[in-house]
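**Student:** Would you mind keeping the following structure in view while I ask a few things?
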2 protein chains.
Amino acid sequence: MISTNNYFDGNVKSLGYTTKAGKSTLGVMNAGDYEFGTSTHETMIVIEGEMNVKLPGASEWTIYKAGETYQIEANTTFQVKVSEQTSYLCQYK
Amino acid sequence: MISTNNYFDGNVKSLGYTTKAGKSTLGVMNAGDYEFGTSTHETMIVIEGEMNVKLPGASEWTIYKAGETYQIEANTTFQVKVSEQTSYLCQYK
């Protein structure tokens with residue numbers, strides 16, 4: 001089954017699936033500011049566009065461009081700003 | 001706007017968006033055999049999983065794994081077989 005998920009009034013949409021490597025979502029964010037919560041460790045990979053990210057406990061924002069990756073621990077929140085439609089792969093591992 | 005698309009009774013789902021580079025879709029396919037038609041040139045990039053592909057005019061099938069890319073001309077059809085859930089980025093250029 002491929003799950004379809006909508007967040008922030010449809011400004012973030014994702015498709016959930018499972019491979020041999022585990023669970024993943026592919027998603028797209030419209031331009032905007034978002035705060036996401038994690039329940040497991042997440043590996044985020046920017047596919048197209050770019051994300052300005054404030055990781056948990058960080059005092060500064062970091063820009064991640066297409067092909068770049070960041071990690072977020074379980075049970076925390078992180079903030080993301082995007083200035084154009086930006087796509088990502090999130091692996092739950 | 002992020003478009004949500006369903007094909008083959010929900011066995012292929014995709015999200016459509018636009019970046020500075022042009023229009024793209026991110027998609028997921030369930031295990032199965034599919035025939036897709038193109039209206040523009042497409043660049044397909046496998047994100048997770050793998051695709052067995054018969055390109056237009058090809059006599060043989062070729063396996064494309066995560067990170068690998070293939071191109072399809074406009075106004076043609078191509079066949080794809082996947083044996084597990086497989087995700088892709090399709091750029092319309």
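**Student:** Any residue at all in the stretch B:42-57 that's within 24 Å of A:Ser14 (Cα to Cα) and open to solvent by 80 Å² or more (accessible area, probe 1.4 Å)?
**Tutor:** No - not one qualifying residue is present in the stretch B:42-57.
**Student:** Going through the stretch B:23-38 one residue at a time, which ones are within 13 Å of another protein chain (Cβ to nearest Cβ) and assigned to a strand (DSSP E or B)?
**Tutor:** Matches in the stretch B:23-38: B:Lys23, B:Ser24, B:Thr25, B:Leu26, B:Gly27, B:Val28, B:Met29, B:Gly32.
**Student:** Identify the residue in the stretch B:39-58 that is in a loop (DSSP other than H, G, I, E, B) and of a type in the set (Ser, Thr, Tyr) and, among all such residues, is nearest to the other protein chains (Cβ to nearest Cβ).
**Tutor:** If we take residues in the stretch B:39-58 being in a loop (DSSP other than H, G, I, E, B) and of a type in the set (Ser, Thr, Tyr), then B:Thr40 is nearest to the other protein chains (Cβ to nearest Cβ).
**Student:** Separate question: Restricting attention to the stretch B:59-75, does a residue exist that is in a strand (DSSP E or B), touching a Gly at 6+ places or on another chain (Cβ under 7 Å) and open to solvent by less than 60 Å² (accessible area, probe 1.4 Å)?
**Tutor:** no
**Student:** How about the stretch B:57-78: which of its residues are in contact with a Phe, Trp or Tyr (Cβ under 7 Å, 6 or more places away or on another chain) and more than 18 Å from B:Ile45 (Cβ to Cβ)?
**Tutor:** The answer is B:Thr77, and nothing else.
**Student:** State the number of residues belonging to the stretch B:7-22 that are over 13 Å from the mean Cα position of the chain (by Cα), loosely packed, with under 14 Cβ neighbours inside 10 Å and assigned to a strand (DSSP E or B).
**Tutor:** 1
**Student:** A further question follows. Can you tell me which of B:Thr25, B:Thr18, B:Thr76, B:Thr43 is under 22 Å from A:Thr86 (Cα atoms) and without any contact (Cβ under 8 Å) to a residue 40 or more places away in the chain?
**Tutor:** One residue alone meets the criteria, B:Thr18.
The values are calculated or read from the model by the stated rules, or taken from the named source; none is laboratory data. Every value quoted in this text rests on a predicted model; they were computed, and no experiment measured them. Counting neighbours? That spans all protein chains shown, and the Cβs are built from the backbone with ideal geometry, glycine included. These area figures cover heavy atoms from the full protein model, side chains too; ligands, DNA and RNA do not enter into them. Shrake-Rupley method; radii C 1.70, N 1.55, O 1.52, S 1.80 Å.
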